[in-house]
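Report on the structure given below.
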Amino acid sequence: MRRRQGENTRAVHLPPPPRPTQTPVGLPIWRTAAWSFEDSQEYADVLGDKVPGYSYSRVDNPTVAAFASGVASLEGAAAPEDVAGEAFASGMAAINAVFTTFLRTGTHVLAPAPVFGGTYSLLVNVFRRFGVEVDFVDFTDLGRVRASVRPNTKILFAETLANPTMAVADLRGLYRVAREAGALLVVDSTFATPVVCRPLEHGADLVVHSATKYLGGHSDCTGGVVVGRPDLMAKIRNVRIDTGGVLSPDDAFLLRRGLETLSLRVRRHCATAMVFAAAVAKHPAVRRVDYPGLPDHPGHQLARRLFDSGPEGTRYGACVTITPHGGFEAGVALADAVRVARVATSLGGTHTLVSHVASTTHRQLDHAALTASGIDAGAVRFSIGLEDAEDLIVDVTKALDVARARGKA
Ligand SMILES: Cc1ncc(COP(=O)(O)O)c(C=O)c1O
């Protein structure tokens, strides 16, 4: 009689899961750290990329790969095989992988002033320590950008829509400057998403996203992604494997599911933001509204050329920055008085979220630096969610009344 194995061995070595031959409609979560092989030869061949396969989830994971290839497909300017993607644990891990791959001691990177604070800090506090030269210039002034290029410039790092001014990047102009300089054009398109603009179509070499925002869309997971030319992505993949900032399969599942409704959500976000911005601009307590959909925004014409449109009109993104009269105090009063919207960090989810810029997202900048970046001390950024536009307008109108009363007190 065959010897029966002990209960612990049998528990550990349960029958293997089925390997379905049909493609599942929903995405399975491959929550495993490692795969097993027929023998050591297969193990070596998979590790050596001689045969396709999975070995270890820091290297590759099917759920994570499904998310990355999903973003590559949505951002892709060319045939699917011409655009590859790599996913990361956060937007910052994705940006770090790009810089680590293409910068080294003595090379130079140009980024916008203002750039997202995490990117600023990464360049100043980490990459400068390793002898990378970093300059921040006004990216809306192409002449300044061109004049700031050096022989050792390797990356022009742009943002499709800047936070919180919603400045629109002249991607084609930046592409020309990058080509003349022999540098890569890398675009953080977190605020735009491929539903608004696909920078690869305008000459960008690589696009990065904080997937934590619109791609996921529900403020329930963090992630990042880089997409672009396969030869560049192969180098980024090696750095991802070596540095290990990988996305978890669970978050990859949520992010990939987010992609399925991205277009529906972002169209609605943008349409509501347009109505909201136009309504707010009429309120007497408002000194300025930064939203590229408004004709007086400096990036309005550029946005009309670069950004997609549909029956609902051009999509100008869904963050609206409101500056009330009355400076810092009035801004804080406005943020604190909203009730439908919530005071919170992050953006791009179903809930409308507000941040008083000077005291939160841009707190590292002193008054002079804020002014130089075109940011008023009273500015409040609204990330417009999926609520009904009318409710958001009633909410912000009441909050602006409070801010006005506070300003007069
Ligand atoms: C424009 C932009 N890029 C990158 C990031 C970093 O993303 P994460 O927080 O996912 O690391 C953020 C986060 O707010 C962002 O707004």
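The values are calculated or read from the model by the stated rules, or taken from the named source; none is laboratory data. Fair warning: this is a prediction, and the values are worked out from it, not measured in the lab. We place every Cβ from the backbone using ideal geometry, glycine too, and count neighbours over all the protein chains shown. The protein model used for the area step is the full one, side chains on, heavy atoms only, and it has no ligands, DNA or RNA in it. Shrake-Rupley method; radii C 1.70, N 1.55, O 1.52, S 1.80 Å.
Below, the figures for the structure above:
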{"read-out": "Out of Gly348, Gly317, Gly326, sole residue that is at positive phi and touching a Cys at 6+ places or on another chain (Cβ under 7 Å)", "value": "Gly317"}
{"read-out": "Subset of the range 256-303 (residues that are small (Gly, Ala, Ser) and either part of a helix (DSSP H, G or I) or surrounded by fewer than 17 Cβ atoms within 10 Å (Cβ to Cβ) (or both))", "value": "Gly258, Ser263, Ala271, Ala273, Ala277, Ala278, Ala279, Ala281, Ala303"}
{"read-out": "Test: Val380 is open to solvent by 50 Å² or more (accessible area, probe 1.4 Å) and touching a residue at least 24 places away in the same chain (Cβ under 8 Å)", "value": "no"}
{"read-out": "From Ala78, Ala11, residue being of a type in the set (A, V, I, L, M, F, W, C), out of contact with any Ser or Thr (no Cβ under 6 Å at 6 or more places or on another chain) and in the same structural domain as Ile236 (by TED's automatic domain parsing)", "value": "Ala78"}
{"read-out": "Selection count where residues are open to solvent by 30 Å² or more (accessible area, probe 1.4 Å) and more than 21 Å from Ser346 (Cβ to Cβ), scope the range 85-101", "value": "1"}
{"read-out": "All positions within the range 52-66 that are within 20 Å of Glu38 (Cβ to Cβ) and open to solvent by 60 Å² or more (accessible area, probe 1.4 Å)", "value": "Pro52, Tyr54, Tyr56"}
{"read-out": "The range 121-148, subset hydroxyl-bearing (Ser, Thr, Tyr) and away from the ligand (no atom under 13 Å from the Cβ), residue least open to solvent (accessible area, probe 1.4 Å)", "value": "Ser148"}
{"read-out": "Condition met for Leu306 (of a type in the set (A, V, I, L, M, F, W, C), closer than 21 Å to Leu171 by Cα and either at pLDDT 95 or above or surrounded by fewer than 19 Cβ atoms within 10 Å (Cβ to Cβ) (or both))", "value": "yes"}
{"read-out": "Matching residues in the range 106-115 - criterion: being within 22 Å of Gly224 (Cβ to Cβ) and surrounded by fewer than 18 Cβ atoms within 10 Å (Cβ to Cβ)", "value": "none"}
{"read-out": "Condition check for His362: under 26 Å from Val115 (Cα atoms) and either among the acidic types (Asp, Glu) or open to solvent by less than 10 Å² (accessible area, probe 1.4 Å) (or both)", "value": "yes"}
{"read-out": "Scope the range 354-409; condition of a type outside the set (S, T, N, Q), in a loop (DSSP other than H, G, I, E, B) and either in contact with a Leu (Cβ under 8 Å, 6 or more places away or on another chain) or under 10 Å from Leu334 (Cα atoms) (or both); matching residues", "value": "His362, Ile375, Asp376, Ala377, Gly378, Ala379, Ile384, Gly385"}
{"read-out": "Unique match (being among the small types (Gly, Ala, Ser), outside the structural domain of Leu306 (by TED's automatic domain parsing) and over 29 Å from Leu47 (Cβ atoms)) among Ser248, Ser219", "value": "Ser219"}
{"read-out": "Test for Gly118: is it surrounded by fewer than 19 Cβ atoms within 10 Å (Cβ to Cβ), within 16 Å of the ligand (Cβ to nearest atom) and within 27 Å of Arg146 (Cβ to Cβ)", "value": "yes"}
{"read-out": "Pick from the range 313-341, criterion farther than 21 Å from Ala279 by Cβ and open to solvent by less than 50 Å² (accessible area, probe 1.4 Å), ranking: nearest to the ligand (Cβ to nearest atom)", "value": "Val332"}
{"read-out": "Residue list for the range 76-97, restricted to those being of a type outside the set (S, T, N, Q) and either without any contact (Cβ under 8 Å) to a residue 24 or more places away in the chain or within 15 Å of the ligand (Cβ to nearest atom) (or both)", "value": "Ala79, Pro80, Glu86, Ala87, Phe88, Ala89, Gly91, Met92, Ala93, Ala94, Ile95, Ala97"}
{"read-out": "Count of the range 98-155 residues which are touching a residue at least 40 places away in the same chain (Cβ under 8 Å) and part of a strand (DSSP E or B)", "value": "8"}
{"read-out": "Residues that are more than 21 Å from Arg305 (Cα to Cα), more than 15 Å from the ligand (Cβ to nearest atom) and surrounded by 24 or more Cβ atoms within 10 Å (Cβ to Cβ), drawn from the range 185-235", "value": "Gly228"}
{"read-out": "Ala344, sole failed condition from (1) in contact with a strand residue (DSSP E or B) (Cβ under 6 Å, 6 or more places away or on another chain); (2) more than 24 Å from Lys213 (Cα to Cα); (3) open to solvent by 20 Å² or more (accessible area, probe 1.4 Å)", "value": "(2)"}
{"read-out": "Residue check, Arg381 charged (D, E, K, R), within 12 Å of the ligand (Cβ to nearest atom) and out of contact with any Lys or Arg (no Cβ under 6 Å at 6 or more places or on another chain)", "value": "yes"}
